[in-house]
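Engineer: Just passing along the structure, written as structure tokens.
We did not get these values from a lab; they are worked out from the coordinates using the rules stated. Remember, predicted model here, so these are calculated numbers, not experimental data. Heads up, the Cβs are rebuilt from the backbone with ideal geometry, glycines too, and the neighbour counts pull from every protein chain shown.
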Amino acid sequence: MVLQTETEQKIIVSAEKLFYQKGKAGTSMQDIADDAGINRTLLNYYFRSKDKLFEAVFRKAMGRFVPNLAAMLHSDISFEEYIPALVETVIDTMIENPQIPIFVLQELSSNRERMPQIIKEMGIDPVIALKKMEEAGVSKVTGGMDPRQVILNLLSLCIFPFAAKPVVLNILYSGDNEAYIEAMKERKKIIPQLMKQLMSQNRSR
């Protein structure tokens, strides 16, 4: 891991804030230089393009939770034990870092290949996840559901309420952010319970 200078860290913090507020397309390199309190020449010395800077910001965002999920995936815990750990880690991270879903959507719209590459570099191996699911008999206890669909369902249940926060917050919670956050925390219990119920129902058939 390459250590960042204080100036580089300051640039990334400013870029992260502005990318979240204005979007990647709506943020200029001059905007970032001004916010960081440096001149454009110095900014270009560290980051030659906005895309390179966005990649640094995106890696920082992913680094807040992907390595933890990867470490748990490589540990000895079963897939059933992994579910609540995954849900809690993702939801807690999204609550603390609401910019992450926005960055993911921006990244997917501008560079579809980079996100899978970064996630794999951070240790997420789908082969290991699928092997754990096979060992746990997930397909059998979910009524023959493709294990990849199980993963998609889990991630969608965790991430969608954050990606669609403006709609969820204003339509379902009448703009009450405190109520919204409490509802998101409650999902840390609800989602594993839903998966457990699904598996239990199919085991009993």
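Engineer: Can you list the HN-Hα couplings for the range 153-170, worked out from phi with the Karplus curve (6.51, -1.76, 1.60; θ = phi - 60°), rounded to whole Hz and with x for Gly and Pro?
Structural biologist: 4, 4, 5, 5, 4, 7, 8, 3, x, 8, 5, 9, 3, x, 6, 4, 4, 7
Engineer: Of Leu73, Ile91, Met199, which is farthest on the positive side of the dipole of the chain, counting Cα position, with +1 on Lys and Arg Cβ, -1 on Asp and Glu Cβ, and the Cα centre as origin?
Structural biologist: Towards the positive end, the residue furthest out is Met199.
Engineer: Here's another thing I want to ask about it. Return an integer: the convex hull volume of the alpha-carbon atoms of the range 1-97, in Å³ per residue. Working shown, then result.
Structural biologist: On the way: hull volume 10.6 nm³, N = 97.
Per residue, the Cα convex hull of the range 1-97 comes to 110 Å³.
Engineer: Set the Förster distance to 45 Å, then compute FRET efficiency between Leu194 and Arg40 from the Cβ-Cβ distance, nearest 0.05.
Structural biologist: Numbers: r = 51 Å, r/R0 = 1.12.
Once the sixth-power term is evaluated, E becomes 0.35.
Engineer: Rounded to two decimals, what ratio of Rg to Rh does the chain give with C-alpha atoms and a Kirkwood Rh?
Structural biologist: On the way: Rg = 19.5 Å, Rh = 18.9 Å.
Result for the chain is an Rg/Rh of 1.03.
Engineer: Still on this structure, I have one more. For the range 14-120, which GluC sites (Glu not before Pro) pass both filters: DSSP loop (anything but H, G, I, E, B) and at most 15 other C-beta atoms within 10 Å?
Structural biologist: Details: sites: Glu16, Glu55, Glu80, Glu81, Glu88, Glu96, Glu107, Glu113; in loops: Glu113.
Qualifying residues, ordered by number: Glu113.
Engineer: Pulled fully out, how much extra length does the chain show between Gln30 and Ala179, if you take 0.36 nm times their separation in residues and subtract their Cα-Cα distance?
Structural biologist: Working: separation 149, 0.36 × 149 = 53.64 nm, distance 3.78 nm.
Computed gain between Gln30 and Ala179 is 49.9 nm.
Engineer: Roughly how large, in nm² to one decimal, is the mean projection of the convex hull of the alpha-carbon atoms in the range 63-152?
Structural biologist: Values: hull surface 24.3 nm².
That works out to 6.1 nm².
Engineer: About its Cα centre, what dipole magnitude does the range 122-190 give when the only charges are +1 on Lys and Arg Cβ and -1 on Asp and Glu Cβ, stated in debye to the nearest 20? Walk me through the numbers before you get to the answer.
Structural biologist: Working: 9 positive and 8 negative charges, 27 e Å.
Computed charge dipole of the range 122-190: roughly 140 debye.
Engineer: Give me the Kirkwood hydrodynamic radius of the range 87-205 in Å, from all C-alpha pairs, to one decimal place? Can you show the working numbers first?
Structural biologist: Numbers: mean 1/r = 0.0621 Å⁻¹.
By the Kirkwood definition, the hydrodynamic radius is 16.1 Å.
Engineer: Calculate one ³J(HN,Hα) per residue across the range 79-96 by plugging θ = phi - 60° into the Karplus curve 6.51 cos²θ - 1.76 cosθ + 1.60, and present them in order as whole Hz with x for glycine and proline.
Structural biologist: Result, rounded to whole Hz: 5, 5, 6, 6, 4, x, 5, 4, 4, 5, 5, 5, 5, 4, 5, 5, 5, 6.
Engineer: At most 15 other Cβ atoms within 10 Å and a DSSP loop assignment: could you name the trypsin sites (Lys or Arg not before Pro) in the range 1-67 that fit?
Structural biologist: Passing both the DSSP loop test and the Cβ count: Arg48, Arg64.
Engineer: Give the Debye-formula value of log10 I(q)/I(0) at each listed q (0.12, 0.14, 0.25, 0.26 Å⁻¹), with one equal scatterer per alpha carbon of the range 6-58, two decimals each.
Structural biologist: Each listed q corresponds, in turn, to -0.19, -0.26, -0.90, -0.99.
Engineer: What is the dipole size for the range 63-203, taken about its Cα centre, with +1 at each Lys and Arg Cβ and -1 at each Asp and Glu Cβ, in debye to the nearest 20?
Structural biologist: Details: 15 positive and 17 negative charges, 62 e Å.
With Lys and Arg at +1 and Asp and Glu at -1, about 300 debye.
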